[in-house]
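Worksheet: one structure, shown below.
The values are calculated or read from the model by the stated rules, or taken from the named source; none is laboratory data. Quick caveat: nothing in here was measured; it's all calculated off a predicted structure. Please note: Cβ atoms are built from the backbone with ideal geometry, for glycine as well, and neighbour counts cover all protein chains shown.
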Amino acid sequence: MNSSNADLKRRQRFDRVVSVLHKDLYRYAAWLCRDPGIAEEVVQESLFRAWKSLDALREDGAAKSWLLTIVRRENARYFERKRLETVDIDSLTPGQSAMLAETEDPNVAEMREALYRLGDDYREPLVLQVLMGHSTKEIAELMGIKPGAVLTRLHRARIKLKKAVAKEAMA
């Protein structure tokens with residue numbers, strides 16, 4: 001009975017920590033890997049790893065950083081072990097070809113492409129700050145760098161992004 005009570009408490013703690021962060025984990029994974037399907041796999045595997053090592057989380061208040069670090073590492077593992085399929089565009093059916101021609105807001109598409117062209121060292125801290133709302137200190141902890149380096153990367157990322165968008169606007 002004592003064991004089942006401990007299991008129940010562990011499960012409740014995991015649910016409490018993960019339920020409020022699940023969307024952030026997915027959003028972060030999607031920005032890292034740029035593919036919604038892969039992002040789902042990465043988050044699922046990350047949650048499995050988090051469950052297995054839940055005892056390593058000392059304070060629930062540190063759960064967000066802890067889980068995002070797991071997602072970041074799992075994303076790297078995913079691409080280390082998977083060979084992604086390629087598709088021959090010439091062999092697509094008419095229905096599949098139509099999906100390639102879907103249009104979206106050109107400004108959103110332009111900004112997204114400019115973000116994707118940023119190197120990981122610049123894109124990741126910018127996404128963590130702007131989309132995920134992390135502080136400089138939190139980003140530094142997640143990326144394993146100093147807060148000053150985060151500030152430098154954020155500054156350079158914004159400059160690169162502005163230049164890229166301005167260049168596209170002129171073209």
Seminar exercise, completed: Note on segment 17-34: residues touching an Asp or Glu at 6+ places or on another chain (Cβ under 9 Å) and closer than 13 Å to Ala50 by Cα are Val17
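Table: residues versus (1) surrounded by 11 or more Cβ atoms within 10 Å (Cβ to Cβ); (2) at pLDDT 80 or above; (3) on the phi > 0 side of the Ramachandran plot; (4) not in a helix (DSSP H, G or I).
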{"site": "Met132", "(1), (2), (3), (4)": "yes, no, no, yes"}
{"site": "Glu138", "(1), (2), (3), (4)": "yes, yes, no, no"}
{"site": "Gly148", "(1), (2), (3), (4)": "no, yes, no, no"}
{"site": "Leu154", "(1), (2), (3), (4)": "yes, yes, no, no"}
{"site": "Arg158", "(1), (2), (3), (4)": "yes, yes, no, no"}
{"site": "Ala164", "(1), (2), (3), (4)": "yes, yes, no, no"}
Problem set entry | Residue ranges of helices (runs of 4 or more DSSP H) in segment 1-82 with at least 3 members without any contact (Cβ under 8 Å) to a residue 12 or more places away in the chain | 2-19, 36-52, 63-81
